[in-house]
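For reference, the structure discussed in these notes is given below.
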Amino acid sequence: MKYGIIGTGAIGGYYGSRLAHSGQEVHFLLHKDYEYVREHGLQVDSCDGNFHLDHPHVYNDSREMPVCDVVLVGLKTINNHLLRNLLPPLVDENSVVVLIQNGVGVEDDVQAMFPDLQLVAGLAFICSAKTQPGTVSHQCYGHINLGNFSCRNAQKVEAIVAELNAAGVKTGLVEYHEARWKKAVWNMPFNGMTVALNTRTDLLLKNASTRRLIKEQMMEVVNAARALGVGGLDEGFADLMIRMTDDMTPYSPSMKLDFDFHRQMEIEYLYTKPLQKAAAAGCPMPKLEMLEAELRFLQEGYLSKA
């Protein structure tokens, strides 16, 4: 299939490059490093083996890109308003858009923009960063789960899973709500706590007090998801997420990097919307409500000075 990548950063750049390296036709939309990548190509420094794309299909204007069978969106959710202009040139009635983004409620809002668009959630479990122009640094993990939100052709979603697996990306097909809330079990504690305490994931787990707090926050997410009727989440899954993080390379999540560089953080979909859904289901998450308030305070402090 023909793939388009919107947001060629740590996530879109990694998965798109894997697909291109495996022989798929992939078209990359770039912004700041377009000229560099056009001249030098794309480099992936990966724990699974480095590789380089010498002459990738790159663009700095989505209107010049072809219609694609599959579009992977790796933008931060704070930039989703840009999709109104970026997406239409790449899609037709048969295209599938995979939102590889953080948070709960993302697909609902993108679907409201494009009522007929076929959407799939992409839930990436990966430590990856774009460290310099044209270079993605993949530190560990890398698997991704897909959850069908509104794709009318289930076989096409299965084909995407198969092509990602063939590209060396361990990929599974998971029920949509389960996929989104499973990712929230990790995202909600670790993204915010690394910001609030100005630290890394490994240090949070090495301290007995914060390790216990992380587990308690994870269980708030698990219990909220179950109150919403979402299956597949229990205490064992929270323990698995903690063990996986123990094994990770010391890591600063995307929200911590946004905080470090005084950029707007993805608070709305990572915290506000899931907290609202949990409260409506009669299962509030008080520890994570406090964390959201702390994040908004910190963000307002630096954005007001910008």
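Can you go through A278, A306 and tell me which one is in contact (Cβ under 8 Å) with a residue 24 or more places away in the chain, under 21 Å from D109 (Cα atoms) and among the hydrophobic types (A, V, I, L, M, F, W, C)? Going through A278, A306 in turn, just one is in contact (Cβ under 8 Å) with a residue 24 or more places away in the chain, under 21 Å from D109 (Cα atoms) and among the hydrophobic types (A, V, I, L, M, F, W, C): A278. Apart from one condition, G134 fits all of (1) on the phi > 0 side of the Ramachandran plot; (2) in contact with a Pro (Cβ under 9 Å, 6 or more places away or on another chain); the exception is (2).
Against the condition open to solvent by less than 30 Å² (accessible area, probe 1.4 Å), touching a residue at least 12 places away in the same chain (Cβ under 8 Å) and charged (D, E, K, R), how does K256 come out, does it pass? So that I can check it myself, show each step before the final result.
Values: open to solvent by less than 30 Å² (accessible area, probe 1.4 Å): yes; touching a residue at least 12 places away in the same chain (Cβ under 8 Å): yes; charged (D, E, K, R): yes.
So K256 fits the description; yes.
Is it true that H55 is without any contact (Cβ under 8 Å) to a residue 24 or more places away in the chain and either open to solvent by 20 Å² or more (accessible area, probe 1.4 Å) or closer than 15 Å to N85 by Cα (or both)? Here the answer is yes, as H55 does meet what is asked. Filtering the range 199-235 to residues that are more than 22 Å from L275 (Cα to Cα), open to solvent by 40 Å² or more (accessible area, probe 1.4 Å) and assigned to a helix (DSSP H, G or I) leaves L203, K206, A208, S209. Consider the range 94-123 and keep the residues that are open to solvent by 10 Å² or more (accessible area, probe 1.4 Å) and among the acidic types (D, E). The one that is farthest from W186 (Cα to Cα) is D116. The set of residues in the range 34-52 being under 14 Å from S137 (Cβ atoms) and either touching a Pro at 6+ places or on another chain (Cβ under 8 Å) or crowded, with 24+ Cβ neighbours inside 10 Å (or both) consists of L42 alone. Among the residues of the range 141-173, just one is under 26 Å from D246 (Cβ atoms), in contact with a Leu (Cβ under 7 Å, 6 or more places away or on another chain) and either open to solvent by 30 Å² or more (accessible area, probe 1.4 Å) or in a loop (DSSP other than H, G, I, E, B) (or both), namely N145. Within the range 286-302, work out how many residues are under 17 Å from R226 (Cα atoms) and either in contact with a Phe, Trp or Tyr (Cβ under 9 Å, 6 or more places away or on another chain) or among the aromatic types (F, W, Y) (or both). Counting residues in the range 286-302 that are under 17 Å from R226 (Cα atoms) and either in contact with a Phe, Trp or Tyr (Cβ under 9 Å, 6 or more places away or on another chain) or among the aromatic types (F, W, Y) (or both) gives 1. Within the range 136-170, the set of residues being over 22 Å from M248 (Cβ atoms) and among the basic types (K, R) comprises R152, K156.
Give me the residue from the range 58-84 that is open to solvent by 50 Å² or more (accessible area, probe 1.4 Å) and in a loop (DSSP other than H, G, I, E, B) and, out of that set, nearest to A20 (Cα to Cα). Taking the candidates together, the pick is D69.
The values are calculated or read from the model by the stated rules, or taken from the named source; none is laboratory data. Computed from a predicted model, the values in this text were never measured in an experiment. Virtual Cβ from ideal backbone geometry, glycine too; neighbours counted across all protein chains shown. Surface accessibility is based on the protein's heavy atoms, side chains included, excluding ligands, DNA and RNA. Shrake-Rupley method; radii C 1.70, N 1.55, O 1.52, S 1.80 Å.
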